[in-house]
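The values are calculated or read from the model by the stated rules, or taken from the named source; none is laboratory data. Please read all numbers here as calculations on a predicted model, not as lab measurements. FYI the Cβ positions are ideal-geometry reconstructions off the backbone, even for glycines, and counts take in every protein chain you see. Remember, those area values only see protein heavy atoms, side chains included, never the ligands or the DNA or RNA. Shrake-Rupley method; radii C 1.70, N 1.55, O 1.52, S 1.80 Å.
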Amino acid sequence: MLRKKWSLLLSGIMSASLLLTACGGGGGQSAQPSGQTGGQPAASSEAPKNDGQSYVLKAGHSLTEDHPYHLALKKMAEDVDKRSNGKVKIEVYPLSQLGAERELTEALTFGTADMSITSTAPVTNFYQKLGVLDLPFLFESREQAYKVLDGKVGQDMLKDMESANLIGLAWAENGFRHITNGSKDIKKPEDVAGMKIRTQENPIHLAAFEALGAKPTPMAWTEALTALQQGVVDAQENPAIVAQTYKLYESKQTHMALTGHVYSAAMILFSKPVWDKLPADVQQLIAEEAKKAGQYERELMIKMEEEAITNIKGKGVVITEDVDKQAFRDAMKPVYDKFSGQFGKELVDEIMNTK
Ligand code: PAF
């Protein structure tokens, strides 16, 4: 049996990425994906013809096996396997085993990793236009976010990511971000002043917390838990499902304030260098199933979010609901003055005016 390795992965578990085996047989039949609107990404005309080989792809993410990121990728893997009659396998690696989000995205751009589901904030380091989504309080509701991301603005972004050597397959969701800390209720910006808080590696998040007078420290999620446990930082911000699945209450996070300061979109990404080596029918299968997986992931997020809040409350976490969001919005306003120009004020207005 001929085995050919196309991707050189970072290390250890990442040592064999896209494997081809000469097993004969073709890819899947075509079916319209339900869920997100918008065209499929390039099943490119230059793609090689299917030569009957089999494919093993590795997909990574940073969360636990009970998080919607994982559940959606596992479902996608099952459906891809079924539709390709076992010729296309996707192996799913949780807990940053293939690298934290920024690292893994970089590996995708080099073609040393195949696929990921990731929040968008670290991806802006490779494709800056995504950064518009990080503006605080840009989205008031997830319905508004879905309209923007599934509409022209979001679909154009997915397509344009090829310019960064990434294939944007589908939107998914990380959720509205809320602040947790180990000591107090947070109701207004003053409550965050001086607080040492872990943020994502993203200049807008950093600027937003600086505008509140906090002391933000950007770091990868893989470092965040230790930093919380050792008191390097006192606080972090993430959706409730992350606080639940990572048991942040065991890392001194006794309070969660429902600030919802950023809607954290997620996306299913593929490496363009690897994609370009896949035959068109395999590309099409993956593109279709990724759209379904993104949609399924969002549905799981909606279902599990309330449960997550109830669950962490049951573990003793104090949930602060009466947050003065307008005061946070006002305090974070300087971020718009600093960054809007970079994305175009028209785009920012178009997104904010989408109802
Ligand atoms: O805070 C982060 O880095 C992200 O929200 C996380 C937890 C890795 C999920 O995408």
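For the range 168-190, the criterion of being away from the ligand (no atom under 15 Å from the Cβ), aliphatic (A, V, I, L, M) and closer than 30 Å to D337 by Cβ is met by at least one residue. K292 meets the stated requirement of being open to solvent by 20 Å² or more (accessible area, probe 1.4 Å), on the phi < 0 side of the Ramachandran plot, more than 14 Å from the ligand (Cβ to nearest atom) and basic (K, R).
A residue that is among the basic types (K, R), over 15 Å from the mean Cα position of the chain (by Cα) and under 15 Å from A257 (Cα atoms) occurs somewhere in the range 177-187.
Scanning the range 207-224 for residues that are crowded, with 17+ Cβ neighbours inside 10 Å and either in a helix (DSSP H, G or I) or among the basic types (K, R) (or both) yields A207, A208, F209, A211, W221, A224.
Residues in the range 126-176 that are hydroxyl-bearing (S, T, Y) and either over 17 Å from the mean Cα position of the chain (by Cα) or closer than 25 Å to R329 by Cα (or both): S141, Y146, S163.
A search for C-beta distances below 6 Å between a residue of the range 117-141 that is closer than 15 Å to K159 by Cα and any residue that is more than 16 Å from the ligand (Cβ to nearest atom) and open to solvent by 10 Å² or more (accessible area, probe 1.4 Å), counting only pairs 6+ apart in sequence or on different chains, returns F126/T109; F126/A164; Y127/A164.
The residue of the range 245-266 that is surrounded by the fewest Cβ atoms within 10 Å (Cβ to Cβ), among those that are within 12 Å of the ligand (Cβ to nearest atom) and polar (S, T, N, Q), is T245.
State the number of residues belonging to the range 267-289 that are away from the ligand (no atom under 14 Å from the Cβ) and either within 20 Å of N174 (Cβ to Cβ) or open to solvent by less than 10 Å² (accessible area, probe 1.4 Å) (or both). Give the steps one after another, and end with the answer.
Of the range 267-289, the ones away from the ligand (no atom under 14 Å from the Cβ) are 270-289.
Cutting the leftovers down to either within 20 Å of N174 (Cβ to Cβ) or open to solvent by less than 10 Å² (accessible area, probe 1.4 Å) (or both) gives us 270-271, 274-275, 278-279, 282-283, 285-289.
So the count comes out to 13.
Taken together, L212, L228, L248 contain a single residue that is among the aliphatic types (A, V, I, L, M) and farther than 24 Å from L104 by Cβ, which is L212.
Table: residues versus (1) within 15 Å of the ligand (Cβ to nearest atom); (2) closer than 17 Å to V274 by Cα; (3) touching a Phe, Trp or Tyr at 6+ places or on another chain (Cβ under 9 Å).
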| residue | (1), (2), (3) |
| --- | --- |
| L130 | yes, no, no |
| E143 | no, no, no |
| Y146 | no, no, yes |
| V153 | no, no, no |
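Just one of A121, A107 is within 16 Å of the ligand (Cβ to nearest atom) and within 22 Å of Q295 (Cβ to Cβ); which is it? Don't jump to the end; show me each part of the working.
Details: A107 fails: within 22 Å of Q295 (Cβ to Cβ).
Going through A121, A107 in turn, just one is within 16 Å of the ligand (Cβ to nearest atom) and within 22 Å of Q295 (Cβ to Cβ): A121.
For the range 192-206, state whether one or more residues are assigned to a helix (DSSP H, G or I) and open to solvent by 10 Å² or more (accessible area, probe 1.4 Å). Yes, some residue in the range 192-206 is assigned to a helix (DSSP H, G or I) and open to solvent by 10 Å² or more (accessible area, probe 1.4 Å). Note on the range 112-136: residues that are open to solvent by less than 10 Å² (accessible area, probe 1.4 Å) and either within 18 Å of I204 (Cβ to Cβ) or of a type outside the set (S, T, Y) (or both) amount to 17.
To keep it simple, each residue is scored yes or no on (1) closer than 22 Å to H67 by Cβ; (2) in contact (Cβ under 8 Å) with a residue 12 or more places away in the chain; (3) assigned to a helix (DSSP H, G or I).
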{"position": "V232", "(1), (2), (3)": "no, yes, no"}
{"position": "Q283", "(1), (2), (3)": "no, yes, yes"}
{"position": "R298", "(1), (2), (3)": "yes, yes, yes"}
{"position": "I309", "(1), (2), (3)": "yes, yes, yes"}
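Tell me, which residue of the range 63-102 that is more than 14 Å from the ligand (Cβ to nearest atom) and open to solvent by less than 10 Å² (accessible area, probe 1.4 Å) is farthest from the chain's Cα centre (by Cα)? So, considering only residues that are more than 14 Å from the ligand (Cβ to nearest atom) and open to solvent by less than 10 Å² (accessible area, probe 1.4 Å), the one farthest from the chain's Cα centre (by Cα) is S84.
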